[in-house]
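Please read the structure below before turning to the comments.
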Amino acid sequence: MDKLSSGRAVDNKAFDYAAVGDDELAERVKARDQLGLAEIFRRNASILVATATKVTRSRTLAEEIVQEVMVKLWNEIDKFDSSRGSLRAFLLVQVHRRSIDVVRSESSRSRREEKVELLDRKAEAPLAEMVVEQLHMKSIMVSLANLSDSERTAIELAYFGGHTYHEVAQILNEADGTIKSRIRTGLRKIRETLESSQLGEQDDHD
């Protein structure tokens, strides 16, 4: 017998995990029920791995990311709030964000290796181009940090994850029009931040 957060005790052997909703499974995970976590994984593994694969272009990396997110769900289940969206949407966002982090990390590693190679060849022009690219990427990251969570998530899914607006709306369980509005607003804020940054650099040079 285990005990849910509601205080209700349930016999695991008689409990039909496949018959309950995600919210109840989340409650069972809060009660440290590993079978509840296993059922959540069974229901969502396919779409989670597909989402991670689309971002990373690697099935192996995708499976590692999904495993990492499921472990994080087990350890930080209290961060899931059913009033803010479905469990699947929550997991998709977590997987997508982690996938982007992994891709950025891999890209940074590749860029470091390329820099070493270019330095060995004394390639001055490519080095200058890389500096400009780094500065531009840093500006974009700063701009993203200035967005609201909802705007940043929508833009990350659309532009880093390669999802269509409709797919983003499905992942986040929102209307297509809402997602389009968030992305338009977020992109406008990014443009304004970048333009302001460029103007500041020009003033520094004057």
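The values are calculated or read from the model by the stated rules, or taken from the named source; none is laboratory data. Here the structure is a predicted model, which means the values were calculated and not measured. Ideal geometry is used to build each Cβ from the backbone, glycine not excepted, and the neighbour counts take in all protein chains shown.
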**Asked** Which residue pairs have Cβ atoms under 8 Å apart, sit 6 or more places apart or on different chains, and have a first residue in segment 31-43 that is at positive phi and a second that is surrounded by 14 or more Cβ atoms within 10 Å (Cβ to Cβ)?
**Response** Arg32/Asp2
**Request:** Scan Ser148, Ser197 and give me the residue that is over 22 Å from the mean Cα position of the chain (by Cα) and either under 18 Å from Gly85 (Cβ atoms) or modelled with pLDDT under 70 (or both).
**Result:** Ser197
**Item:** Residue list for segment 1-33, restricted to those being surrounded by 11 or more Cβ atoms within 10 Å (Cβ to Cβ), over 20 Å from Asp81 (Cβ atoms) and modelled with pLDDT of 80 or more
**Value:** Phe15, Tyr17
**Message:** All but one of (1) more than 20 Å from Ile171 (Cβ to Cβ); (2) under 20 Å from the mean Cα position of the chain (by Cα); (3) modelled with pLDDT under 90 hold for Val103; state the number of the condition that does not hold.
**Reply:** (1)
